[in-house]
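Report on the following structure.
We did not get these values from a lab; they are worked out from the coordinates using the rules stated. All of these numbers come straight from a predicted model, not from anything done at the bench. Heads up, the Cβs are rebuilt from the backbone with ideal geometry, glycines too, and the neighbour counts pull from every protein chain shown.
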Amino acid sequence: MLMSKSDRPAKVHYMANGFRVLAAGDHVVCGRSGARIPIEELRYWSVATQEPYASAQLASEALAPR
């Protein structure tokens, strides 16, 4: 069975002021919760770890100094 673009995660490069989609897909997977994040709703990520986050809360927790 072939997978459509909507059934696979995108490969994304995260930059300070945006991101670049390297391989087509309709979502990315949150680095903290594992939730699917539609590309259109992606707002939070870490440039250093190249991880997306589903919410500001998850991004803050992930980026907080330990």
Here the qualifying pairs (Cβ atoms under 8 Å; residues six or more apart or on different chains; first in region 12-38 and more than 17 Å from residue 49 (Cβ to Cβ); second exposed (fewer than 14 other Cβ atoms within 10 Å of the Cβ) and polar (S, T, N, Q)) come out as 26/6
Residues (of a type outside the set (A, V, I, L, M) and closer than 17 Å to residue 6 by Cα) located in region 35-56:
36, 38, 40, 41
